[in-house]
Amino acid sequence: MEISKTQDAPEIAAAPVPLPSAARRRLLLGGSAAGIAGMAPVAVQAQQGSDVAAAAGEDISSANGTRNKVTITFDGKRCIHARYCVLGAPAVFLANVKGPWIKPDGDSLENVLHTVRQCPSGALTYKRHDGGPDEKPPPVNLVRMRENGPLAVHADLQLKGKGSLQRATLCRCGASKTKPYCDGSHKAAKFMASGEAQAGPDMKALPKRDGKLSIEPLQDGPYAVTGSMEVVTGTGATIARVTQAILCRCGQSKNKPFCDGSHVAAGFKASA
């Protein structure tokens, strides 16, 4: 396998508030949103004839031989070390090694694709070249609270400044240096926020459970989310079914995962 660029392997580590009115929104949030520059993926190039090739930069086509079936892209700046890759396909995604850590031919194509789809942060993605289907958005848009950690979004997602995604883990401790993405800073910050919560009043079934979900990180404030979504706990219990929500990203709300305006008193600062 020829290596073009790579990173070391990931380490193995161990009541709803609806979207406020326009006036309330301005009072709570202030400022306007602006885009944040994207981050380039990192890369590995597999030998020609391999079933799976790992990615090379933003132009993934440059990493592919004509006989390759799939390109896998890894963006190390989005990885939260959730371990789904190293547990789901350990012969492909090697833990705790220096240098190249993706061995594309270590498992079946089907299991490699399944494993990539389990990555909650979207650090791993794939593009097929064999005529098979690429990853599709889920049938239900989900915003999941991870215990003492980020919000994991699985949806047909439009993230302001980042474009179209299907999986992302968004900082909710306020400490990430790569906002809006989680970078693991919640561990050093000793962020404590349960992944569980009681169901609120917005539990009526939605007429549409999928479709576009737009998330806008607001200047010095929370995430403004628009689109059908189910907000779920870390164990999968639904606590809200809504089409609009304001979600905390400063880490101070007493009504997590929803914003209660605490970012104002906390002096939270974050780019839109």
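The values are calculated or read from the model by the stated rules, or taken from the named source; none is laboratory data. Just so it is clear, the structure is predicted and the values come from calculations on it, not from any experiment. All Cβ positions, even for glycine, are placed from backbone atoms using ideal geometry, and neighbour counts span all protein chains on display. Note: areas computed on protein heavy atoms with side chains; ligands, DNA, RNA excluded. Shrake-Rupley method; radii C 1.70, N 1.55, O 1.52, S 1.80 Å.
Step by step: first the residues of segment 149-180, then only those that are among the aliphatic types (A, V, I, L, M) and in contact with a helix residue (DSSP H, G or I) (Cβ under 9 Å, 6 or more places away or on another chain), then the one that is surrounded by the fewest Cβ atoms within 10 Å (Cβ to Cβ). Which residue is that? Only one residue tops the list, namely A175. Please find, within segment 97-131, the residue that is farthest from G234 (Cα to Cα) out of those that are at pLDDT 90 or above and in a loop (DSSP other than H, G, I, E, B). Selected residue: G131.
Where residues in segment 241-272 are in a strand (DSSP E or B) and among the polar types (S, T, N, Q), which of them is least open to solvent (accessible area, probe 1.4 Å)? Among those residues, the one meeting the criterion is T243. Applying a threshold of 9 Å to beta carbon distances and a minimum spacing of six or more residues, or different chains, the list of pairs starting in segment 212-223 at a residue that is closer than 11 Å to C250 by Cα and ending at one that is surrounded by fewer than 24 Cβ atoms within 10 Å (Cβ to Cβ) and of a type in the set (D, E) reads Y223/E216. Restricting attention to segment 181-196, does a residue exist that is part of a helix (DSSP H, G or I), surrounded by fewer than 23 Cβ atoms within 10 Å (Cβ to Cβ), basic (K, R) and at pLDDT 95 or above? Among the residues of segment 181-196, at least one is part of a helix (DSSP H, G or I), surrounded by fewer than 23 Cβ atoms within 10 Å (Cβ to Cβ), basic (K, R) and at pLDDT 95 or above, which makes the answer yes.
Scanning segment 201-240 for residues being on the phi > 0 side of the Ramachandran plot and assigned to a loop (DSSP other than H, G, I, E, B) gives a total of 3. Condition check for L218 on (1) surrounded by 19 or more Cβ atoms within 10 Å (Cβ to Cβ); (2) touching a Ser or Thr at 6+ places or on another chain (Cβ under 7 Å): one failure, at (2).
Could you say which residue among V264, V232 is β-branched (V, I, T) and either closer than 24 Å to D156 by Cβ or at pLDDT below 95 (or both)?
V232
Restricting segment 103-148 to residues that are among the β-branched types (V, I, T) and more than 13 Å from the chain's Cα centre (by Cα), the residue that is surrounded by the fewest Cβ atoms within 10 Å (Cβ to Cβ) is V140.
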